[in-house]
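This report concerns only the one structure given below.
The values are calculated or read from the model by the stated rules, or taken from the named source; none is laboratory data. Here the structure is a predicted model, which means the values were calculated and not measured. Reconstructed Cβ throughout: ideal geometry from the backbone, glycine too, with neighbour counts over all protein chains shown. Surface areas here come from the heavy atoms of the whole protein model, side chains and all, with no ligands, DNA or RNA. Shrake-Rupley method; radii C 1.70, N 1.55, O 1.52, S 1.80 Å.
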2 protein chains.
Amino acid sequence: MKQILLLGAGRSVSTLIQYLLRSAAENNWHLTIIDVSVDHLQPVLEGSDCGSAQVFDVHDRQQCLQQIGQADLVISMLPAAFHVIVAQACLEQRRHLITASYATPELQALDAEARRMGLTFLMEAGLDPGIDHMSAMATIRQLRERGARLLAFRSYTGGLVAPESDTNPWHYKFTWNPRNVVLAGQGGARYLEKGAYKFIPYHQLFRRTESLHVEGLGDFDGYANRDSLSYREPYGLQDVPTVLRGTLRRRGFCQAWHALVQLGLTDDSFQLPDATRLTYRQFTEAFLPYHEPSEPLEHRLARYLHLPPDSDEMRLISWLGLEEDTPIGLKQVSPAQILEHLLTRKWRLEPNDKDMIVMQHLFDFEQHGQVKRLKATMVVKGDDAVNTAMAKTVGFPVGIAAKLLLQGKIKHSGVLIPIYPEIYEPVLAELKSYGIDFSEEEEELP
Amino acid sequence: MKQILLLGAGRSVSTLIQYLLRSAAENNWHLTIIDVSVDHLQPVLEGSDCGSAQVFDVHDRQQCLQQIGQADLVISMLPAAFHVIVAQACLEQRRHLITASYATPELQALDAEARRMGLTFLMEAGLDPGIDHMSAMATIRQLRERGARLLAFRSYTGGLVAPESDTNPWHYKFTWNPRNVVLAGQGGARYLEKGAYKFIPYHQLFRRTESLHVEGLGDFDGYANRDSLSYREPYGLQDVPTVLRGTLRRRGFCQAWHALVQLGLTDDSFQLPDATRLTYRQFTEAFLPYHEPSEPLEHRLARYLHLPPDSDEMRLISWLGLEEDTPIGLKQVSPAQILEHLLTRKWRLEPNDKDMIVMQHLFDFEQHGQVKRLKATMVVKGDDAVNTAMAKTVGFPVGIAAKLLLQGKIKHSGVLIPIYPEIYEPVLAELKSYGIDFSEEEEELP
């Protein structure tokens, strides 16, 4: 009986667990789930005799090695920082590994050894990174097979809220780690446009958006992700002059977020001396130059940010309550942590809210002397705050890849991302059966 | 015969070496100077029989321990990153230590052990940090002794170029590590103003300047230094509502530097894929949004930075040659390193140039119902590019402190900064004899 070990059972793992339990039942496998707290898994596990859960601290190296030694495949949904430890333990115990996180240089350094042992360490197998790679690679191959010459590749993904649950002026609710959302983009971004490098520092990132349109959903803004250049080689795009990967937000979000970045509220590099008695208003005031308090904070804030006081940006900032005299009530925190604390309340996905994933690839290409654009768009909605679109679009591809690996259908070994047809073809085909699919439009460019 | 060990003989150590050789001659001491290259020290050492130089890599732990073991006092002028290693070796060998660098938390962690062993680890004993602490503490004590109640303490220091050698529109030349100048301020700044915390993120720092005037020299701008809050306790300023330490530049510098920061040119967080064939113009273009090249770079740059094309800021940027089609000729470098490479050429202190140190403290206080400001200003000029004002104002206080320590006149032990009268009184008195002194003005505030 093959053993699957799932490390981490936090937010957005619901779909993955359901999928793995079903696969286990069909294939006579067993799933062991491990996390620091597993009580919430009881309802799911009670309906299956193929799964069990254990409490466990991944810092306990001895237990970690022992558990991994008993598995045929390890899936890690732990925070990204843990993956190097887990991957090293997988090397020691000679076990396969799947994660939905980035193949960082530290992980890539294990490639030769994993390859030598015939182990598959499949990284970036979730949504973004994950489905984005798989769907882009499938389309790039199709385009090349029909003789098209790629001129530009742009790809954007957003974890958003569905229109029917969109009840705030930011048009955004958290469906993913709030801390990651608050710190998003802090490394700046690098991409390629018409053959030239483009570098955007963090403090300009949310000002440098591109406009995108999704049929039936309206307009979005996309901002560039960290390092698009690093995907040129794996995608085989060395001869393509424009390569950009980015994140989608509803119109208005980036402009107001840019104002918060300008102010300094996303700074995570220092801790406030003491924010216990500090109010949100005093916190906001701390980022403005000193001024006799005769002029209202709201006006000084707008002027400092070079915004009209009645602008959309100021309306969104005001809605957050940053000018209110409510105590923050936190000790020893950074500005970014205070902002996260506030947003977690303001941007909460309510139990019956539906989230929404939007992914859009834009392929510009030349064929028979014509320049055309192929737009491939995926929209997935969640059922509620547990079975989210995020949980589905991360969980299904990881689960399907796990099944393929245990069935011996993935031959590639080493530290890899899902850019090979033997992986992306069956994953994309099965995703389609769960309604996770792309619609395509082609248009001629002037 | 007492032994002084000086680690590091780089830029701006000329005065210190001359001073230590003189002290050694007067007191029958011996000075050993150690660095990776010491050839340039021969002319200085030939005139003295109290000093010798050796080549040595501080990474060689065995040799490091041995050398420190033979000394009575260690002075480290190595780059700041080395000081923890040196301090630990001094603990092992039970030797006193003096540096001109910050007493970082890592160094402060050695305080209890140094104290237990009766060792003095005197940090921040140069110019800034150094003379700023000593002169401020002396004046704060005088003010309190005459019954004044301090309302505000502001202190600014700048390493600048003397008016007679000021030949460029930035009014700046390098007299200190260029890399540190390019990266200055990247941690943002925190200070206290009228009882309220003030936080400035890096990308706003050079916009948030204060105007200062120095009699006979004209106007300067000051921008806030990293963490002024941390000096409230050592200075005994817990009850003073305004505490700010900052850096001085000539009028115009900060505004143009702010534009470079906005653009992203000071980013040190990533390396360019390859800058060998890239020109400065292409480098600058990489930070701008893509645009059909019909509009000149200069105009797009100004618009992106929200500056008039004929502004002073654009004139200063243009003078740097950032729009020129000259190849950079560097491989594997960050934007900040490219900027440093360019500036090292543009802001070079020529052999006969004189640099200039300006320090200004502003003490606002209340006495007999009147609110007054005491302005204490120090101006020191260099002789040439070797005997710089920077070398004098760093070297003399370190050298005098070394003499006092070897003469048994410093009783404080542990990791400390020069805030005690037993240190700052004799150091300030001797500095005066070398022309390093403050002029004071007092005025009533409205």
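Computed values, structure above
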{"item": "Residue in segment A:275-282 that is touching a Lys or Arg at 6+ places or on another chain (Cβ under 7 Å) and outside any helix (DSSP H, G or I) present", "result": "yes"}
{"item": "Residue check, A:ALA152 over 21 Å from A:LEU78 (Cβ atoms) and out of contact with any helix residue (DSSP H, G or I) (no Cβ under 9 Å at 6 or more places or on another chain)", "result": "yes"}
{"item": "Looking only at segment A:262-284, and only at residues there that are free of Cβ contacts under 8 Å to residues at least 60 places away in the same chain and open to solvent by less than 10 Å² (accessible area, probe 1.4 Å), the one that is farthest from the other protein chains (Cβ to nearest Cβ)", "result": "A:THR284"}
{"item": "Residue within segment B:114-121 that is touching a residue at least 12 places away in the same chain (Cβ under 8 Å), within 21 Å of B:ARG232 (Cβ to Cβ) and of a type in the set (Ser, Thr, Tyr) present", "result": "no"}
{"item": "Residue under evaluation A:GLN67, criteria (1) of a type in the set (S, T, N, Q); (2) more than 24 Å from A:ASP384 (Cα to Cα); (3) at pLDDT 95 or above, criterion not met", "result": "(3)"}
{"item": "Members of segment A:149-178 that are small (Gly, Ala, Ser), more than 19 Å from the chain's Cα centre (by Cα) and within 14 Å of A:GLY382 (Cα to Cα)", "result": "A:SER165"}
{"item": "Identity of the residue in segment A:232-264, of a type in the set (S, T, N, Q) and not in a helix (DSSP H, G or I), that ends up nearest to A:ARG207 (Cα to Cα)", "result": "A:THR247"}
{"item": "Unique match (being closer than 30 Å to B:LEU73 by Cβ, modelled with pLDDT of 95 or more and in contact with a helix residue (DSSP H, G or I) (Cβ under 8 Å, 6 or more places away or on another chain)) among B:ALA389, B:ALA402, B:ALA336", "result": "B:ALA402"}
{"item": "Selection status of A:SER211, of a type in the set (Ser, Thr, Tyr), open to solvent by 10 Å² or more (accessible area, probe 1.4 Å) and more than 24 Å from B:LEU278 (Cβ to Cβ)", "result": "yes"}
{"item": "Which listed residue is among the acidic types (Asp, Glu), open to solvent by 20 Å² or more (accessible area, probe 1.4 Å), on the phi < 0 side of the Ramachandran plot and within 19 Å of the chain's Cα centre (by Cα), from A:GLU350, A:GLU366, A:GLU340", "result": "A:GLU340"}
{"item": "Complete set of residues in segment A:155-167 that are over 18 Å from A:TYR231 (Cα atoms) and either within 14 Å of chain B (Cβ to nearest Cβ) or not small (Gly, Ala, Ser) (or both)", "result": "A:LEU160, A:VAL161, A:PRO163, A:GLU164, A:ASP166, A:THR167"}
{"item": "Single unsatisfied condition, B:ALA152 versus (1) surrounded by 17 or more Cβ atoms within 10 Å (Cβ to Cβ); (2) within 14 Å of another protein chain (Cβ to nearest Cβ); (3) small (Gly, Ala, Ser); (4) on the phi > 0 side of the Ramachandran plot", "result": "(4)"}
{"item": "Failed item, numbered, when A:THR377 is tested on (1) in a strand (DSSP E or B); (2) open to solvent by 20 Å² or more (accessible area, probe 1.4 Å)", "result": "(2)"}
{"item": "Residue list for segment B:406-417, restricted to those being over 21 Å from B:ASP111 (Cβ atoms) and crowded, with 18+ Cβ neighbours inside 10 Å", "result": "B:LEU406"}
{"item": "Residue under evaluation A:LEU229, criteria (1) part of a helix (DSSP H, G or I); (2) modelled with pLDDT of 95 or more; (3) within 14 Å of chain B (Cβ to nearest Cβ), criterion not met", "result": "(2)"}
{"item": "Number of the condition not met by A:THR247 [criteria: (1) more than 13 Å from every other protein chain (Cβ to nearest Cβ); (2) over 30 Å from B:PHE199 (Cα atoms); (3) open to solvent by 10 Å² or more (accessible area, probe 1.4 Å)]", "result": "(2)"}
{"item": "Scan of segment A:168-205 for residues that are among the aromatic types (Phe, Trp, Tyr), open to solvent by 10 Å² or more (accessible area, probe 1.4 Å) and within 14 Å of chain B (Cβ to nearest Cβ), ordered by number", "result": "A:TYR191, A:TYR197, A:TYR202"}
{"item": "Tally, over segment A:284-309, of residues that are assigned to a loop (DSSP other than H, G, I, E, B), of a type in the set (Gly, Ala, Ser) and at pLDDT 95 or above", "result": "1"}
{"item": "Hits in segment A:285-304 (condition: more than 7 Å from chain B (Cβ to nearest Cβ), open to solvent by less than 50 Å² (accessible area, probe 1.4 Å), touching a residue at least 12 places away in the same chain (Cβ under 8 Å) and not basic (Lys, Arg))", "result": "A:LEU288, A:LEU297, A:LEU301, A:ALA302, A:TYR304"}
{"item": "Residue match in segment A:310-324 (condition: closer than 30 Å to A:LEU288 by Cβ, open to solvent by 30 Å² or more (accessible area, probe 1.4 Å), assigned to a loop (DSSP other than H, G, I, E, B) and without any contact (Cβ under 8 Å) to a residue 24 or more places away in the chain)", "result": "yes"}
{"item": "Yes/no for B:THR242 being open to solvent by 20 Å² or more (accessible area, probe 1.4 Å) and either within 17 Å of B:GLU313 (Cβ to Cβ) or touching a Phe, Trp or Tyr at 6+ places or on another chain (Cβ under 9 Å) (or both)", "result": "no"}
{"item": "Residue satisfying all of: in segment B:250-299; touching a Leu at 6+ places or on another chain (Cβ under 8 Å) and among the hydroxyl-bearing types (Ser, Thr, Tyr); farthest from A:GLY195 (Cα to Cα) among these", "result": "B:THR266"}
{"item": "Among (1) open to solvent by less than 20 Å² (accessible area, probe 1.4 Å); (2) over 19 Å from B:SER269 (Cα atoms); (3) out of contact with any strand residue (DSSP E or B) (no Cβ under 6 Å at 6 or more places or on another chain); (4) not charged (D, E, K, R) - the single one A:PRO163 does not satisfy", "result": "(1)"}
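To keep it simple, each residue is scored yes or no on (1) within 29 Å of B:LEU260 (Cα to Cα); (2) open to solvent by 60 Å² or more (accessible area, probe 1.4 Å); (3) within 14 Å of chain A (Cβ to nearest Cβ); (4) in a helix (DSSP H, G or I).
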position	(1), (2), (3), (4)
B:MET356	yes, no, no, no
B:ASP383	no, yes, no, no
B:LYS392	no, no, no, yes
B:LEU404	no, no, no, yes
B:ILE419	no, no, no, no
